[in-house]
Ligand code: NAP
């Protein structure tokens, strides 16, 4: 395997203006990729792209992954700017935590729309382009919440479990077209999404992690690189847990 691992490949990463998505984009650029940062806020996506090297290396595109036309626009921007579409990481996400007693229908719908519909948009539209090229790698961000189910997250756990089923179904449809589809289930990773958590809840969660620490976004990025590159050329339909051993 020659390094860098993503030389001349074009990767689109959703929700990549910050957090895990940004860490993935940063590592992909270091491995030779040209990247498209898709995020809700076009301005923040542009700032992130500039930090990664700007035109020629990275562009930012405003995109709400739950909107089909936005995803079309983001993928078209990748092909128009860099000529190919080789990797798509469906990473954009939100939480709207509440117990079932207090969760509103809107909170349920929002989480399903971003994670489940957003990932479906990303997978099917990327697959349509990649099958023409007879190659490509799609990486979906699930969560350990989708494996074990978390109280206060009936919306999020359902969506993240759904992403596992979607990944496997899409992998079966696309394997003979040369397109691989895999998923990652992160555990507790330090980002804006988790830093909002009360200190007591945070400490309780850390106490349940065999490695006794929170994960860093770079530790998800390295697994995304593995799944996006030829290092995992004989893997499709898999779900990799990156949790420090939590809920193994
Ligand atoms: P984050 O720091 O909150 O970043 C998520 C990014 O996605 C934000 O920039 C957000 O924009 C963007 N986004 C939200 N809705 C979007 C939409 N409809 N279209 C496009 N972009 C959208 O979160 P993170 O912790 O890096 O999480 C990244 C992924 O990993 C998510 O899928 C998350 O569920 C998953 N994950 C995270 C953890 C963890 O412990 N952090 C654990 C398991 C799984 P705004 O800020 O404007 O909303």
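The values are calculated or read from the model by the stated rules, or taken from the named source; none is laboratory data. Remember, predicted model here, so these are calculated numbers, not experimental data. Heads up, the Cβs are rebuilt from the backbone with ideal geometry, glycines too, and the neighbour counts pull from every protein chain shown.
What to note about this one:
- Considering the range 30-47, the residues that are surrounded by fewer than 24 Cβ atoms within 10 Å (Cβ to Cβ) and assigned to a helix (DSSP H, G or I) include one that is nearest to the ligand (Cβ to nearest atom), namely 44.
- Only listed residue being in a helix (DSSP H, G or I), closer than 29 Å to residue 134 by Cβ, within 16 Å of the ligand (Cβ to nearest atom) and touching a helix residue (DSSP H, G or I) at 6+ places or on another chain (Cβ under 7 Å), chosen from 59, 24: 24
- Test: residue in the range 12-21 that is away from the ligand (no atom under 16 Å from the Cβ) and modelled with pLDDT of 95 or more: no
- Residue 111 within 16 Å of the ligand (Cβ to nearest atom), outside any loop (DSSP other than H, G, I, E, B) and within 19 Å of residue 177 (Cβ to Cβ): no
- With respect to the conditions (1) assigned to a loop (DSSP other than H, G, I, E, B); (2) under 19 Å from the mean Cα position of the chain (by Cα), residue 218 lacks only one, and its number is (1).
- Qualifying positions in the range 175-190 - more than 13 Å from the chain's Cα centre (by Cα), crowded, with 17+ Cβ neighbours inside 10 Å and free of Cβ contacts under 8 Å to residues at least 60 places away in the same chain: 179, 180, 188
- Residues of the range 83-108 classified as within 13 Å of the ligand (Cβ to nearest atom), in contact with a helix residue (DSSP H, G or I) (Cβ under 6 Å, 6 or more places away or on another chain) and either farther than 30 Å from residue 229 by Cα or assigned to a helix (DSSP H, G or I) (or both), total: 1
- The condition of being part of a helix (DSSP H, G or I), on the phi < 0 side of the Ramachandran plot and within 16 Å of the ligand (Cβ to nearest atom) holds for residue 123.
- Being touching a residue at least 40 places away in the same chain (Cβ under 8 Å), in contact with a helix residue (DSSP H, G or I) (Cβ under 6 Å, 6 or more places away or on another chain) and surrounded by fewer than 18 Cβ atoms within 10 Å (Cβ to Cβ) is a description that applies to residue 237.
- Condition check for residue 158: surrounded by fewer than 21 Cβ atoms within 10 Å (Cβ to Cβ), within 20 Å of the chain's Cα centre (by Cα) and modelled with pLDDT of 95 or more: yes
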